1. Placing +1 on the Cβ of each Lys and Arg and -1 on the Cβ of each Asp and Glu in the chain, which of Ser140, His12, Met158 has its Cα farthest towards the positive end of the resulting dipole?
2. Helix 32-45 against the longest principal axis of the chain: what's the angle in degrees, Cα atoms only, rounded to the nearest 10?
3. Let me have the relative contact order for segment 10-127, percent, based on Cα pairs under 8 Å that are six or more residues apart.
4. I need to check one value: relative contact order of the chain, counting alpha carbon pairs closer than 8 Å and at least 6 residues apart, in percent.
5. Given +1 on the Cβ of Lys and Arg, -1 on the Cβ of Asp and Glu, and no further charges, what dipole in debye does segment 10-127 carry about its Cα centre, rounded to the nearest 20?
6. With axes computed from alpha carbons, what is the tilt in degrees of helix 64-77 against the longest principal axis of the chain, rounded to the nearest 10 within 0 to 90?
7. Each residue of segment 51-62 in turn: what ³J(HN,Hα) in whole Hz from Karplus with 6.51, -1.76, 1.60 and θ = phi - 60°, glycine and Pro shown as x?
8. Amide H neighbours of Val15 under 5 Å, at least 5 residues apart or on other chains, H built in the peptide plane: list them.
Amino acid sequence: MADCPSVCEHLHLPVQSGDDAVLRRMGRQYTIEHYLERLARIRAAVPGIAVSTDVIVGFCAETEAQFQATLRLLEAVAYDQVFAAAYSVRPGTPATHMADDVPPAVKRRRLNQLLALQESIGLERNRARVGSSAEVLVESIVPPRSHDHDTHAEARAMESSAKPGTVHLTGRSRGHTLVHLNGPAELVGRLVDVRIEHAGPYSLRGALA
């Protein structure tokens, strides 16, 4: 990845839990120490690489202390993006032989707490990119008032700042971050340089450099 310019600086590295005992019950073949050692090597090889992950909360027999270990891991790693879910039984998996004993209300509370933490981490990481320039692959034209996550505000901002002959576009940076910009529709499918002017927890907004 470090030596190949056509490979973007983003890696999805699922961790699932911040506790070794939970990882063993999940059948994961690593410890948190091993995971962090690999991650340190990755970041040393590709400085500035964006890292995303998967997390499951409320897995069988997960204690509050084990959940808190997952939150501490998120704070320590500072992921760019986290895909999180509350555990639910999947037929045919080894976990079907374990007791799904974390109450649904506890699972919901833990999931909401984790997502709130990651939102603050994502916002902090994105704010550090304001003022920089990013190479963006323009992917699509956003129809008026089409939005998701924090893009409701982004859609309003892009529509209000659009000049004649331009439309609201979205694309992805080399770190796989969603980027909003205004420009001609012909930019779809092209690489452009964007000056980052605003950051949200899930996306960036900028102008053609």
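Each reported figure results from applying straightforward, stated rules to the coordinates on display, with no laboratory input. Here the structure is a predicted model, which means the values were calculated and not measured. Every residue, glycine as well, gets a Cβ built from its backbone with ideal geometry; the counts of neighbours run over all protein chains shown.
1. With unit charges placed on the Cβ atoms, the residue in question is Met158.
2. For 32-45 against the chain, the angle is about 20 degrees.
3. The normalised contact order for segment 10-127 reaches 29 percent.
4. 18 percent
5. So the magnitude is around 180 debye.
6. 30 degrees
7. Karplus-based 3J(HN,Hα) across segment 51-62 equals 10, 10, 8, 10, 9, 10, 9, x, 5, 3, 6, 5 Hz.
8. Close amide H contacts, sequence-distant or interchain: Asp54.
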